[in-house]
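The values are calculated or read from the model by the stated rules, or taken from the named source; none is laboratory data. On a predicted model such as this, the values are computed, not experimentally measured, just so you know. Here the Cβ positions follow ideal geometry from the backbone for every residue, glycine too, while neighbour counts run over all protein chains shown. Heads up: the accessible areas ignore ligands, DNA and RNA and are worked out on the full protein's heavy atoms, side chains in. Shrake-Rupley method; radii C 1.70, N 1.55, O 1.52, S 1.80 Å.
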Amino acid sequence: MYPGFFISFEGIEGSGKTTQARLLVDYLTEASLEAILTYEPGGTDVGDRVRDILLDKRHHFMPPRVELLLYAAARAQHVEEIIRPALSLGRVVVCDRFTDSTLAYQGYGLGIDRKDIQKLN
């Protein structure tokens with residue numbers, strides 16, 4: 001068995017991340033590799049619930065640090081429940097967004113110290 005691989009697609013909304021990630025998983029599967037497609041925030045029951053909170057317009061007042069910590073919580077669940085187990089089985093994990101999105105949106109977009117984000121990630 002080979003070690004697993006992790007690939008993330010990053011970019012702005014509507015740039016084709018999801019489409020390209022799906023195409024890659026299809027290609028890898030056709031090449032007889034075990035590949036899974038996942039996404040952030042979400043990918044797990046806990047992550048999907050956090051995603052609902054983050055995308056709910058009623059929470060537009062959410063402080064940037066709270067938003068960052070919610071993304072981090074969803075990611076921690078995602079890594080433990082989906083990503084790490086798949087990698088340990090030698091699978092290819094293709095993820096629609098990961099830590100680079102947090103750095104872009106919460107760091108550059110909302111002004112949270114990028115070193116703090118990198119530590120959290």
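Figures for the structure shown
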{"item": "Counted residues, segment 72-100 - those being exposed (fewer than 13 other Cβ atoms within 10 Å of the Cβ) and of a type in the set (S, T, N, Q)", "result": "1"}
{"item": "Total residues in segment 86-121, condition aromatic (Phe, Trp, Tyr) and closer than 17 Å to Gly4 by Cβ", "result": "1"}
{"item": "Candidates Leu120, Leu69, filtered to the one that is aliphatic (A, V, I, L, M), open to solvent by 60 Å² or more (accessible area, probe 1.4 Å) and at pLDDT below 95", "result": "Leu120"}
{"item": "Residue in segment 70-86 that is more than 16 Å from Asn121 (Cα to Cα) and not in a helix (DSSP H, G or I) present", "result": "no"}
{"item": "Qualifying residue in segment 49-69 (condition: touching a strand residue (DSSP E or B) at 6+ places or on another chain (Cβ under 6 Å) and in contact (Cβ under 8 Å) with a residue 40 or more places away in the chain)", "result": "no"}
{"item": "Residue within segment 24-43 that is part of a helix (DSSP H, G or I), under 24 Å from Ser88 (Cβ atoms), open to solvent by less than 70 Å² (accessible area, probe 1.4 Å) and charged (D, E, K, R) present", "result": "no"}
{"item": "Number of positions in segment 101-115 that are touching a residue at least 24 places away in the same chain (Cβ under 8 Å) and either open to solvent by 90 Å² or more (accessible area, probe 1.4 Å) or under 16 Å from Leu69 (Cβ atoms) (or both)", "result": "6"}
{"item": "Tally, over segment 45-66, of residues that are part of a loop (DSSP other than H, G, I, E, B), open to solvent by 50 Å² or more (accessible area, probe 1.4 Å) and either of a type in the set (Gly, Ala, Ser) or modelled with pLDDT of 95 or more (or both)", "result": "1"}
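Every residue, every condition in (1) in contact with a Leu (Cβ under 7 Å, 6 or more places away or on another chain); (2) basic (Lys, Arg), yes or no:
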| position | (1), (2) |
| --- | --- |
| Leu33 | no, no |
| Leu54 | yes, no |
| Lys57 | no, yes |
| Gln77 | no, no |
| Glu81 | no, no |
| Thr99 | no, no |
